[in-house]
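Worksheet for the structure shown next.
The values are calculated or read from the model by the stated rules, or taken from the named source; none is laboratory data. Here the structure is a predicted model, which is why all the values come from computation and not from measurement. Here the Cβ is made from the backbone with ideal geometry for all residues, glycine too, and neighbour counts use every protein chain on show. The accessibility values were calculated without ligands, DNA or RNA, using every heavy atom of the protein model including side chains. Shrake-Rupley method; radii C 1.70, N 1.55, O 1.52, S 1.80 Å.
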Amino acid sequence: MPSHLSHGASGALRRFAGRLARGSAGHPMLEGIDYWEELRESPSQMEICVAIFANVLELDEQGEPVNEKHAERRAAAWLY
């Protein structure tokens with residue numbers, strides 16, 4: 001078993017963090033919703049959101065993500 005995340009898994013986390021930071025996570029579900037104010041006031045909400053994404057994300061035998069969009073939608077549903 002590998003001791004590090006695969007490039008695909010770390011890329012999925014990086015892409016999700018980028019979309020979350022730009023305010024575009026969960027598009028189109030969260031379109032027009034400014035969730036940053038809530039996340040700024042309670043960093044633990046950001047932690048929960050990232051934890052949901054990471055816990056839903058599934059990897060194949062090579063450690064590559066197979067459901068990245070689904071994981072993002074689940075995290076976005078929590079933000080919604």
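Just so you know, in region 26-80 the residues that are in a helix (DSSP H, G or I) and open to solvent by less than 30 Å² (accessible area, probe 1.4 Å) include one that is modelled with the lowest pLDDT, and it is L39. Residues that are within 21 Å of V66 (Cβ to Cβ) and of a type outside the set (F, W, Y) do not occur anywhere in region 30-47.
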